[in-house]
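Notes follow the structure.
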Protein chains: 2
Amino acid sequence: MVKDHPIHPVILCGGSGTRLWPVSRKTLPKPFLPLIGDTTLFEQAIGRISGDASDGGFAAPIVVAGPQYGSVIERQLDGKEHRLIVEPAAKNTAPAIALAAACLDPDDIMLVCPSDHHIADETAFRNAALSAAHLAAQDYLVSFGITPESPETGYGYLRRGEELPGGHKIARFVEKPDFARAQTYLESGEYSWNGGIFAFRAGQLIDELTAHRPEMAEAVLASVRQGRSEGSRFYPSAEVFAGIQGDSIDYAVMENTARAAMVPADMGWSDIGNWAALQDALTAAPVGSDCDTNVRKGSVDLIDCSHVLASTDGPRISAVGVADICIVVSGGEVLVTTRDGAQLVGKLPGAAEQ
Amino acid sequence: MVKDHPIHPVILCGGSGTRLWPVSRKTLPKPFLPLIGDTTLFEQAIGRISGDASDGGFAAPIVVAGPQYGSVIERQLDGKEHRLIVEPAAKNTAPAIALAAACLDPDDIMLVCPSDHHIADETAFRNAALSAAHLAAQDYLVSFGITPESPETGYGYLRRGEELPGGHKIARFVEKPDFARAQTYLESGEYSWNGGIFAFRAGQLIDELTAHRPEMAEAVLASVRQGRSEGSRFYPSAEVFAGIQGDSIDYAVMENTARAAMVPADMGWSDIGNWAALQDALTAAPVGSDCDTNVRKGSVDLIDCSHVLASTDGPRISAVGVADICIVVSGGEVLVTTRDGAQLVGKLPGAAEQ
């Protein structure tokens, strides 16, 4: 990567984050909240791929998001140069990524990043991004392979294959395994988590999508051709886009291509997928974590508590004797969940209603 | 007991109930709250000793309480005939009971009841009250001996001695034993909980207090002599009363007299001493308990929860995966406690501040 061939960051703002209810709400979902530290996950995602030209490497970001988030995104970008592609409808990651690819030159290298993940080690992230960009320039479709820390059953796994410079071919994709298999994967040392971070050459991504999802590719290209710009915003044609059958980039492209690769990334990654995951990230981070095992945000009094996350936007939380529990008070709602229960928070009536 | 010798109920309103914070507050403490069902514990205490003359037995109650509770007491008595003795200062149970005794005729039989306990079986209560009154008429100082249901370490225990008609002499008083000893007591079948409910002949109580706490007895009698009536309220002299060194009726009289007796009382008793105790009483009662093991009050959504008490005065409580926990939202405070932790709720800053 040289300065006249920078990496083009593509920041996806798709997730609703209902499992982080009641803090994450439809009106202001997870990416736009300061869940870790004083800046939002989106601001941190932008920060990771920013830097002046002497840092080498990153072009102004392309943000892909629904129209309802346009103003919060522009506010949080705070004048930073960017392009905003306004998704006419939520169609999962493949069309969103393809929209960005279609707006780039075919030889541009794009780095696709979710806007709602946490990455503790920015240097490791940048190094992995460089390795991924190199492989993408050789027409590999590259996924970040996160070094797994536990037998998580909520993630996809990538099995490493043949070695490549700075990475590996992907020998196999496994969708959310059961616990026993996840344990085997962890012990084997051959598997990584699929972190949802990708590097592609834009033209290659379009070619592969055309090969494996020709209708989707055609609709995306047409909606870009018929789209219109408005300042830094680009509006693809809603009419064509509406007909797309949504799919993830993994299903649509990665699991079908012969050129799937991965770069290892050991960078303190978390998808902050639920309150327990946020608790872990906050416990690991210096911000907000006390010298004991509890994490407090707002007015919180604890007696004989351990591994408690207590977060409130106003009313005081008082707790006695509890362990391994998240207590969240926000917007007039009170949530109490175990770490296991955190997976089901999105199924609560409150999370569904809002 | 015949109609011209009724039992004189004495209802003590002394406890602050800080362990039931944030619902119980200094301004409106535990006795005056509808914790079980739609009526307050005080109203239930009054109801238990009410009934027309044909029911036989109970004179209009004497209520002993601090001046700050006069109006709530009169409101909750709702026009019922009563006398209210306004305690000039909180001096524990011995002076409070002696005040009532000094306002009665020496031959009156008094039945002393806390205002903040729960009794599920009213018939059993009345039967025990009759037995206790018979023994009190024979100058025994009679405690209700509650059939113990578990090795509680928070209660005093009474050991049964020599049999009496309808009861026993008390062979021994034990203050809050440790768990191992409580277990032994439970298994022996010889011990009862000291429920804080007593029957005395008024004159006998004064005589015994004079024998064992002469200064306290003298001060109480003087403060009654120098007191003044105002409608149904009686104000003992504050000046004399202020000098009293407070003590419990157990320490001051029961543990010193040779005539301590007990009547067995298996009546679904609870002192509702903390949130776990309230949870137990609500789980046992038909009111407020669902067909599962959880108790809900107000807007509550639970997923995969068991043995949870969730009570809110407004904001919705949502909980996932938790067990054996009390979640209480009241007056802008949020409390989460385990059953063991419930003992320590009074030590929380919030409970201490109010």
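The values are calculated or read from the model by the stated rules, or taken from the named source; none is laboratory data. What you see is a predicted model, and the numbers here were worked out from it, not measured in a lab. Neighbour counts are summed over all protein chains in view; Cβ atoms, including those assigned to glycine, are modelled from backbone coordinates with ideal geometry.
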Whichever residue in the stretch B:326-348 is under 26 Å from A:K347 (Cα atoms), facing chain A (nearest Cβ under 7 Å) and β-branched (V, I, T) and, among such residues, is surrounded by the fewest Cβ atoms within 10 Å (Cβ to Cβ):
B:T338
Checking the structure you have, find out if any residue of the stretch A:116-125 is closer than 21 Å to A:I7 by Cβ, in contact with a Phe, Trp or Tyr (Cβ under 9 Å, 6 or more places away or on another chain) and of a type in the set (V, I, T).
yes
Within the stretch B:74-93, residues within 13 Å of B:I11 (Cα to Cα) and among the hydrophobic types (A, V, I, L, M, F, W, C) come out as B:L77, B:L84, B:I85, B:V86
Among strands (runs of 3 or more DSSP E) entirely within the stretch B:255-334, at least 2 residues that are modelled with pLDDT of 95 or more and of a type in the set (S, T, Y) occur in B:306-312
Would a scan of the stretch B:211-219 turn up a residue that is in a strand (DSSP E or B) and either among the acidic types (D, E) or over 16 Å from B:M110 (Cβ atoms) (or both)?
no
Could you look through the stretch B:298-318, keep only residues that are within 8 Å of another protein chain (Cβ to nearest Cβ) and of a type in the set (S, T, N, Q), and pick out the one that is nearest to A:L20 (Cα to Cα)?
B:S318
Being part of a loop (DSSP other than H, G, I, E, B) and at pLDDT below 95 is the filter here, so list the residues in the stretch A:8-23 that pass it.
A:G14, A:G15, A:S16, A:G17
Among what's in the stretch A:193-219 and is in contact with a Leu (Cβ under 6 Å, 6 or more places away or on another chain) and of a type outside the set (G, A, S), pick the residue that is surrounded by the fewest Cβ atoms within 10 Å (Cβ to Cβ).
A:N194
How many residues does the stretch A:56-73 contain that are over 23 Å from A:A98 (Cβ atoms) and surrounded by fewer than 18 Cβ atoms within 10 Å (Cβ to Cβ)?
2
So B:G321 clears everything in (1) touching a Gly at 6+ places or on another chain (Cβ under 8 Å); (2) more than 7 Å from chain A (Cβ to nearest Cβ); (3) of a type in the set (G, A, S); (4) crowded, with 18+ Cβ neighbours inside 10 Å except one condition, right? Which one?
(2)
Just give me the residues in the stretch A:223-252 being among the charged types (D, E, K, R), surrounded by fewer than 20 Cβ atoms within 10 Å (Cβ to Cβ) and under 30 Å from A:R172 (Cβ atoms), in sequence order.
A:D247
